[in-house]
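> Okay, handing you the structure first.
The values are calculated or read from the model by the stated rules, or taken from the named source; none is laboratory data. Just so it is clear, the model here is predicted, and its values are computed rather than measured. Every residue, glycine as well, gets a Cβ built from its backbone with ideal geometry; the counts of neighbours run over all protein chains shown.
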Amino acid sequence: MDGLLIPLEHVLLVAGILFACGLGGLMLRRNLLFMLMSLEVMLNSAALAFIAAGARWQEADGQVMFLLVLTVAAAEVAVGLGLVLQIQRRYRTLDMDAVTRLQE
Amino acid sequence: MSLSLLIFLPLLGGVAAWLAERVNPDLPRWISLLTCLLVLLVLTSSGLSALADPASSQWLLYSQTDWIPRFGISFELALDGFSLLLLVLTFVLGLIAVAASWSEVEERHGFFQANLLWTLAGVAGVFLAMDLILFFLFWEVMLVPMYLLIAIWGHENRGYAAMKFFIFTQVSGLLMLLAIVVLAWQGAALTGKLSFSYGDLLGLDLPPELAFWLMLGFFLAFTVKLPGFPFHTWLPDAHTQAPTAGSVLLAGILLKTGAYGLLRFTVPLFPEASQTLAPVAMLLGVAGIIYGALLAFAQTDFKRLVAYSSVSHMGFILLGVYAFNELALQGAVMQMVTHGVSTAALFMMAGALQHRLHTRDMRKMGGLWQQAPRMGACAMFFVLASLGLPGLGNFVAEFLVLLGLFAVAPWMTAAAAVGMVTAAIYALWLMQSAFQGQPDDDRQMADFGVREMTTMAVMMVALLWMGLYPQPILDLAAPAVQSVSNLLPANTLVAGVAP
Amino acid sequence: MNLALAAIPGLPMLSATLLILFGRQIPRSLGAVLGAGSVGLSAVLVAGQLLAYLDTPTVVTATLWTWMSVADFSAAIAFHIDGLTVVMMSVITGVGFLIHVYSVEFMWEDESFSRYFAYMNLFVGSMLLLVMADNLLLLFLGWEGVGMCSYLLVGFWYKNPANGAAARKAFVVTRVGDALMALGLFVLFTDLGTLDIQPLLLAANLNWEVGGTVPVLATALLLGGAVGKSAQLPLHTWLPDAMAGPTPVSALIHAATMVTAGVYLVARLHGLFLLAPATLTAVAWVGLATLLLAASAALVQQDIKRILAYSTISQIGYMFLALGVGAFSFGIFHLMTHAFFKALLFLGAGAVSHCLHHELNIFRMGGLRTRLPVVFLSFLIGSAALAALPFTAGFYSKDGILLSAFTAPGIGPWLWAGGLLGALLTSIYSFRLLFVAFFGEAQTEPDRKPGLPMAIPLLILCALSLLGGLISQPLDGVLPDAGHPQVPHLIEWISIGVPLLGVAYAYYAYIVRRPSSSPAEAGGDSPVEGFLFAGWRVDALYNLLLVTPYRTLARWCQGEPIDHFYNGVVSLNRLCHRGLAALQTGELRWYATTFVIGLIAVVAIVLRSAP
Amino acid sequence: MTVLLFYLTAALAVFATVVALTRANAAHALIYLILSLLAVAVMFFMLGAPFAAALEVLIYAGAIMVLFVFVIMMLNLGDAGEEQERGWLDARLWIVPGLLTTVLLVEMLLVFGESGVTTSGHSVSPKEVGISLYGPYVLAVELASMLLMAALVGAYHVARRFIDRPGDI
């Protein structure tokens, strides 16, 4: 079936709003779990932008890029969740403000 | 050819000494001893033959090889009487430094001797390089091994001292690099040819404002190295913490590179600008003389006292260079050589004392003459030299400086003459607190042995010779000195013209 | 000829070098032979010069080598021997030899016997260089050389820190004068273009106006040097303390030779001083003030050597007085006679302390007249000469000085009266010493008598002190001849009589009314005596004005105040570094926030640049 | 009509995301997130990318979110964690992130501008995607596979001790 004729800016706007939401969540939340979710949202918004671009020029590249984003997201979540477990075990909290060992 | 040999021999010798430690820990010092001797041999033989048959009117020996032609940088070396003098001083003191470190260094002999020789190579390069970029390169080459000497084999507070030494020299050196690049750039704008060669940059018709700032860049680099008041504060720390051989090299030669730079580069490249600065420079010189003497008197650390006395003596060089007449300039050259010898000897003395007593604190000494009369006699000799006793080299230097200066700046001379008194105060105080007074009967201390007495005797003879018959040295330096003093005919009006 | 001349200072110096190098290996007797013998040989050579000069008074010059020659300046190691030099050389080697011989016994038991002779020889050599020098730079070499030897010998017994302090004081105070003298040399060279003495005098005569600024400045600076070396006001304070050295050293350096170098300098350069009348007058006044101050201080001292030290200062004051009024030859004459009788007195004092368990306080001696007859004879003759009793050596020279002072235009009578007062004080203190130490009851028993090496020099010096006045110095043509001053007979009689008056007073005060108990150790029961005992408290004044401030300043600066500035730079850097490091909190959310801020900024820039 | 549906889906996606990121309970948040992802998948489909939409549902909403669910289960945060989370969602903390994101959004709006172009309206079939993937993008595929491999090993390594001794919690 054919796709819709939607102004590109509108799709990009949606992607932008989603990205902003993810970013806001990243800054707002202290829980590592939610930070990871925020990252997922941001990656997803980027994927949306790619798809929109692919749809605009009717090229496969957009979806290829979506696939790559998907891979990155999967990899990131796998490692990130591993870290979540490890941090919870070690510090008994997921509060990232309490875990400031990065400083050293 | 022989000129680059003077630089590469110690460089290679250093590598050899480093590697030789694996074979035998005693080998490195023999290698550096031989290297120094070999260089001295090359130096004297080529120097003597060149004196008989100079390469050009200005240089005894000259060599030039392209290096980075695109930027007008070449491997340009030249030797005249002045640099020959300083090179001989360098390698004689190099020998003495090797002797001083003979039994003092306890670990990493090879790397120590390597650094020693690399420092010498850097210094030799500084005294020979006639391309400003090459000069700067050697300026840095001598800095790094000296930093390592202090930082690795120094005393209790070595890290701080080495870092201070490095930062002071490096910051001022960068100013000089900036000045060099701008100068060459300006030279290219004026002559249409980019060149860093000393000969090409001499006598450029620079805008006075720019010339002044460029001159300041050079001046600061050399005055920090000299060191002139108030840029001297790295010196007491570096001297105090350095191992004996390091102190000897630092006081004997490295400080002289500053004086050499002033005489060879700052003044000839920017004569008028230097003249503008002369009153300030002289004031710094006088301040250094008196301030150094005062602080020397205030110290309780043997090496620190000697270090401050160096600050005081270097004030005379500043005065001599900026008086712009032949007498004072000759005095400054003499001061470079004699101070090199006398202070090196005092640092050896300090090193020997520290090696034996494990302290440099003069409050814990006293009455050492009783246990070590030979040491006491040597100390007395060099202390007297340091306070400028006539008949020893330092007097000739200080007298000529002041004599030349008097015609130009009588009041400065009067102020500097105060230094004669203050020098006596600290020098005799050193003698009193270390060697005189009530001896501590429980203390066992070995007197100087044959090796130490030999080096001391060499330096004593040198000082006596320079004090009683300095004419050969004066003659050797005369062409270079005259070419500087002739730059400013208006200011060279000294006596001799009785109306 | 050159070699013979060079050997005069060269022999003692060679011997000094040998003694320094091998002094510990060779036996004492050899050291003594080397030490005294080299000076003796020098004395023989000097005698040859003296005889030659007396025979035909010609100036002998010899250039050994060019010392330094730069631009217009050149100085040579060269000698110039004329009448004045010959006189000085004779005094130095003659008296010097006697003192060396004396020292052999005096120092025999000292552990540093050879070091002592090395220093003494070095001193004699330097002193000879000083007087033989043909140019002022070589003179300056000798000048500083004797200063160094004085330092070494005053602090000879280095284990006592007080001796070291005295030695340093001697060197530093004279060094003040030396610095002034060096400046004087600079003025001379800058103005006249040479430092060779004869051409210098010639050029000065040609180019200088009498009383001009430059002559006055130059001579005033030279006077500064002379004042320092000759222990005149205001740089006299080092000499009393310099008595810390062995007594023969005091005899040689601080009585006979080195301290008179200032007198020699002024006499040698009298041509310059005559062109600067203001300086010459200042010389006279300095001499007068010094002689009165020192003589009054000598009145109350108890240490035999301190009495003699103040007496030396006072006597050199007389010489300066003579120079100041233009009676140069009388100045040099007094220099010579003073060398005889003061060396005699010092050697006598040395003999006393040598035989008396190192006792130096005259109030703990007493009755030595019968116990040490040779020493008594020495002191008798020496004191008589010092007090200028008629027909002693001191009489001729001092009488000449006083009468010359009287004839000086304008201020003459004042100078004469002051000198006379000084003469009165001189006779009182010298006979006070004699009467207290050698008459009355014995306080301390001597444990030995001086041997031949000590007695013979004493006796020779006795003879010289008695008859030295008859020597006529070959100074014609070198110094302007003052002739015998013409004064009213009354003045002459008064000048002769006053010292006798002083002796009589001393007899009354210290023999007839012999004080029952010795005065307090700190000297003086009354404030006036205390003031005089402390040498008019000049030392305290200098301590307050110079020494303490310098020490305080040094203490303040000890930690290197300049470094505070560099440390400030370092602190500033560190502060900035801390500020930057504080950004690295390690909080992920903070990083995210800064990341967003950066993103916003970048997008904003993109927006601005590409609208 | 379908266009309206698209905007409705977009609104749903934004709404679900906002709600998801402001929940205190992680499990609830996750449900909303899945909703958001499904909405995005619908948008993909409407934009003519059925393959991407399918993958979005399968991998994103399916596999990745299930991973989240497992972890939340393993952590077993409970009510105390939820209370704590609520405390962290204080209104004052919203100000700075809100402000910043708003600014960013406005900037993005300015960047996008009003170009007037629309999407093509044609779909791109999975076949084209596959040809592209194994044609010009083969290197990227290899890289992606390596990334996944690394992530696998990394995740295993990081979480291993936790997995070894789950009784630690």
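> Looking only at the stretch C:77-115, count how many residues are outside any helix (DSSP H, G or I), crowded, with 20+ Cβ neighbours inside 10 Å and either in contact with a Leu (Cβ under 6 Å, 6 or more places away or on another chain) or within 14 Å of chain B (Cβ to nearest Cβ) (or both).
Count: 3.
> Evaluate the stretch B:274-286: report whether one residue or more is in contact with a strand residue (DSSP E or B) (Cβ under 8 Å, 6 or more places away or on another chain) and either part of a helix (DSSP H, G or I) or in contact (Cβ under 8 Å) with a residue 24 or more places away in the chain (or both).
Scanning the stretch B:274-286 turns up no residue that is in contact with a strand residue (DSSP E or B) (Cβ under 8 Å, 6 or more places away or on another chain) and either part of a helix (DSSP H, G or I) or in contact (Cβ under 8 Å) with a residue 24 or more places away in the chain (or both).
> Follow-up question, since we're still on this one. Mind listing whichever residues of the stretch C:13-48 are surrounded by fewer than 21 Cβ atoms within 10 Å (Cβ to Cβ) and over 27 Å from the mean Cα position of the chain (by Cα)?
Across the stretch C:13-48, the qualifying residues are C:Leu21, C:Phe22, C:Arg24, C:Gln25, C:Ile26, C:Pro27, C:Arg28, C:Ser29, C:Leu30, C:Val33, C:Gly48.
> Related question: Looking only at the stretch A:21-66, how many residues end up being crowded, with 23+ Cβ neighbours inside 10 Å, within 20 Å of D:Ser123 (Cα to Cα) and not polar (S, T, N, Q)?
Counting residues in the stretch A:21-66 that are crowded, with 23+ Cβ neighbours inside 10 Å, within 20 Å of D:Ser123 (Cα to Cα) and not polar (S, T, N, Q) gives 10.
> A follow-up question, please. Looking at C:Ala388, C:Ala309, C:Ala393, can you tell me which residue is more than 25 Å from C:Gly535 (Cβ to Cβ), touching a residue at least 40 places away in the same chain (Cβ under 8 Å) and of a type in the set (A, V, I, L, M)?
C:Ala393
> Looking at B:Ala423, B:Ala415, B:Ala409, B:Ala446, which one is crowded, with 24+ Cβ neighbours inside 10 Å and touching a residue at least 40 places away in the same chain (Cβ under 8 Å)?
B:Ala423
> All but one of (1) over 9 Å from the mean Cα position of the chain (by Cα); (2) polar (S, T, N, Q); (3) more than 7 Å from chain D (Cβ to nearest Cβ) hold for A:Ser45; state the number of the condition that does not hold.
(1)
> Which of the residues belonging to the stretch C:154-169 are in contact with a Phe, Trp or Tyr (Cβ under 9 Å, 6 or more places away or on another chain), within 10 Å of chain B (Cβ to nearest Cβ) and assigned to a helix (DSSP H, G or I)?
Within the stretch C:154-169, C:Asn163, C:Gly164, C:Ala167, C:Arg168, C:Lys169 meet the criteria.
> For the stretch C:25-72, give me each residue that is more than 14 Å from every other protein chain (Cβ to nearest Cβ), assigned to a loop (DSSP other than H, G, I, E, B) and free of Cβ contacts under 8 Å to residues at least 60 places away in the same chain.
Across the stretch C:25-72, the qualifying residues are C:Pro27, C:Thr56, C:Thr58, C:Val59.
> Filter the stretch D:100-148 down to the residues that are at the interface with chain A (Cβ under 7 Å from one of its Cβ atoms), of a type in the set (S, T, N, Q) and surrounded by fewer than 17 Cβ atoms within 10 Å (Cβ to Cβ) and list them by number.
Answer for the stretch D:100-148, where residues must be at the interface with chain A (Cβ under 7 Å from one of its Cβ atoms), of a type in the set (S, T, N, Q) and surrounded by fewer than 17 Cβ atoms within 10 Å (Cβ to Cβ): D:Ser115, D:Thr118.
> Out of (1) in contact with a strand residue (DSSP E or B) (Cβ under 9 Å, 6 or more places away or on another chain); (2) facing chain D (nearest Cβ under 8 Å), what's the single condition that is false for A:Ile51?
(1) is the only condition that A:Ile51 fails.
> Continuing with the same structure: Mind listing whichever residues of the stretch B:263-303 are within 11 Å of another protein chain (Cβ to nearest Cβ) and either of a type in the set (Ser, Thr, Tyr) or surrounded by fewer than 24 Cβ atoms within 10 Å (Cβ to Cβ) (or both)?
Those that are within 11 Å of another protein chain (Cβ to nearest Cβ) and either of a type in the set (Ser, Thr, Tyr) or surrounded by fewer than 24 Cβ atoms within 10 Å (Cβ to Cβ) (or both): B:Ala287, B:Ile290, B:Tyr291, B:Leu294, B:Ala298, B:Thr300, B:Asp301.
> I've got another one for you. When you scan the stretch B:357-425 for helices (runs of 4 or more DSSP H) that lie fully inside it, which ones turn up with 2 or more residues that are in contact with a Leu (Cβ under 7 Å, 6 or more places away or on another chain)?
B:373-386, B:393-408
> Would you say A:Ala60 is at the interface with chain D (Cβ under 7 Å from one of its Cβ atoms), under 21 Å from D:Glu142 (Cβ atoms) and either touching an Asp or Glu at 6+ places or on another chain (Cβ under 6 Å) or of a type in the set (Phe, Trp, Tyr) (or both)?
So A:Ala60 passes the test.
> Test of understanding: among C:Leu139, C:Leu130, C:Leu122, which residue is modelled with pLDDT of 90 or more, surrounded by 23 or more Cβ atoms within 10 Å (Cβ to Cβ), of a type outside the set (Phe, Trp, Tyr) and closer than 20 Å to C:Val33 by Cα?
After applying the criteria, what remains is C:Leu122.
> Sticking with this structure for a sec: For the stretch D:36-88, which positions are touching a residue at least 40 places away in the same chain (Cβ under 8 Å) and among the β-branched types (Val, Ile, Thr)?
The answer is D:Val69, D:Ile72.
> Related question: Quick one: count up the residues across the stretch C:244-260 that are part of a helix (DSSP H, G or I) and surrounded by fewer than 24 Cβ atoms within 10 Å (Cβ to Cβ).
Number satisfying all stated conditions: 1.
> Still on this model: Out of B:Leu84, B:Leu60, report the one residue that is under 30 Å from B:Ile150 (Cβ atoms) and either modelled with pLDDT under 85 or touching a helix residue (DSSP H, G or I) at 6+ places or on another chain (Cβ under 7 Å) (or both).
B:Leu84
> Let me ask another. Look at B:Ala259 and say whether it is part of a helix (DSSP H, G or I) and without any contact (Cβ under 8 Å) to a residue 24 or more places away in the chain.
Answer is no for this residue.
> Which pairs do you get when a residue that is more than 9 Å from chain C (Cβ to nearest Cβ), found in the stretch A:78-104, comes within reach of a residue that is at pLDDT below 75, reach meaning Cβ atoms under 7 angstrom, with the pair 6+ apart or on two chains?
Close Cβ pairs (under 7 Å, with a partner that is at pLDDT below 75) amount to A:Leu85/D:Phe162; A:Gln86/D:Phe162; A:Ile87/A:Val99; A:Arg89/D:Phe162; A:Arg89/D:Asp168; A:Arg89/D:Ile169; A:Tyr91/A:Ala98; A:Tyr91/A:Val99.
> Do any helices (runs of 4 or more DSSP H) lying entirely in the stretch D:1-64 carry at least 3 residues that are over 16 Å from the mean Cα position of the chain (by Cα), and which ones are they?
D:2-21
> Going by the conditions given, is B:Leu77 touching an Asp or Glu at 6+ places or on another chain (Cβ under 9 Å) and in contact (Cβ under 8 Å) with a residue 24 or more places away in the chain?
So B:Leu77 fits the description; yes.
> Mind listing whichever residues of the stretch B:1-39 are of a type outside the set (A, V, I, L, M), at pLDDT 85 or above and under 14 Å from B:Leu77 (Cβ atoms)?
Passing the criteria: B:Ser4, B:Phe8.
> Filter the helices (runs of 4 or more DSSP H) completely within the stretch C:340-444 down to those with at least 1 residues that are of a type in the set (D, E, K, R).
C:368-371, C:393-407, C:412-438
> Which one is nearest to the chain's Cα centre (by Cα), of the residues in the stretch C:567-611 that are within 14 Å of chain A (Cβ to nearest Cβ) and polar (S, T, N, Q)?
Within the stretch C:567-611, the match that is nearest to the chain's Cα centre (by Cα) is C:Gln584.
> B:Ala151 fails exactly one of the following numbered conditions: (1) free of Cβ contacts under 8 Å to residues at least 24 places away in the same chain; (2) part of a helix (DSSP H, G or I); (3) over 30 Å from B:Thr359 (Cα atoms). What is the number of that condition?
It fails just one condition, (3).
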